[in-house]
Amino acid sequence: SSNIFFDGVPVHGELNLAGDVMDFAYTHAAEAPAFIAALSVLARRWNPPINIFGRLRLENDGRIDLKRNGLMPIFTLTRTFAIKHGISARSTMARLSEIKMHSLADPDMLDRAMAGFKFMMNVALDQQVLDSRNGIPLSNRVDIKRMSAVQNAELVRSMRAIDGLVNETLVR
């Protein structure tokens with residue numbers, strides 16, 4: 001549960017103090033291999049919710065939680081890399097760009113995972129706008145039935161790209 005701390009950005013108060021706390025946390029976390037390994041557990045245990053026929057495994061109501069089933073593993077991966085390799089960026093896309101810039105993972109795999117991340121974020125946000133208009137409480141759950149076959153296939157490709165990146169980089 002501590003991994004979200006490493007996304008923190010000071011916005012009010014003693015900004016220098018907050019920066020010092022973040023620097024301290026990053027330095028000590030980077031020197032603690034057991035901590036880094038513990039952070040990566042969620043990503044390493046994740047399996048994309050894709051059945052043997054290449055279709056998404058959905059909840060009973062035809063929805064899928066995109067945060068738990070696609071976004072969380074890449075959040076976790078990028079946080080782990082940020083700590084381990086001294087990457088100061090706080091957003092997932094900026095961290096992925098720095099991982100690529102420092103040649104810490106296969107660039108083609110990173111490009112596919114970045115495109116998949118962007119696609120899933122857009123799908124989740126589109127669903128939230130639609131749900132908001134229809135009086136449905138906002139969540140990370142996406143109604144797959146409203147998506148075209150092309151979008152559904154892209155969602156599967158996105159999850160596989162993220163799974164490939166997680167398995168390629170965290171196994172090393």
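The values are calculated or read from the model by the stated rules, or taken from the named source; none is laboratory data. Computed from a predicted structure; not experimentally measured. Glycine gets a Cβ as well: all are built from the backbone with ideal geometry, and neighbour counts include every protein chain shown. Just so you know, the surface numbers come from the protein's heavy atoms only, side chains and all, with ligands and any DNA or RNA stripped out. Shrake-Rupley method; radii C 1.70, N 1.55, O 1.52, S 1.80 Å.
Can you find even one residue in segment 110-118 that is acidic (Asp, Glu) and touching a residue at least 12 places away in the same chain (Cβ under 8 Å)? So far as segment 110-118 goes, no, none of its residues is acidic (Asp, Glu) and touching a residue at least 12 places away in the same chain (Cβ under 8 Å). Here residue 54 passes the criteria (1) assigned to a helix (DSSP H, G or I); (2) open to solvent by less than 70 Å² (accessible area, probe 1.4 Å) except the one numbered (1). Restrict the check to segment 121-141 and report whether at least one residue is hydrophobic (A, V, I, L, M, F, W, C), within 15 Å of the chain's Cα centre (by Cα) and under 30 Å from residue 19 (Cα atoms). Yes, the conditions are met somewhere in segment 121-141.
Show me the helices (runs of 4 or more DSSP H) found entirely inside segment 57-172 where at least 1 residues are more than 25 Å from residue 26 (Cβ to Cβ) and modelled with pLDDT of 90 or more.
Values: elements: 72-85, 92-101, 107-133, 149-171.
Fully inside segment 57-172 and qualifying: 107-133, 149-171.
Entry remark, segment 1-42: residues being more than 14 Å from residue 79 (Cα to Cα) and surrounded by 15 or more Cβ atoms within 10 Å (Cβ to Cβ) number 1 in total.
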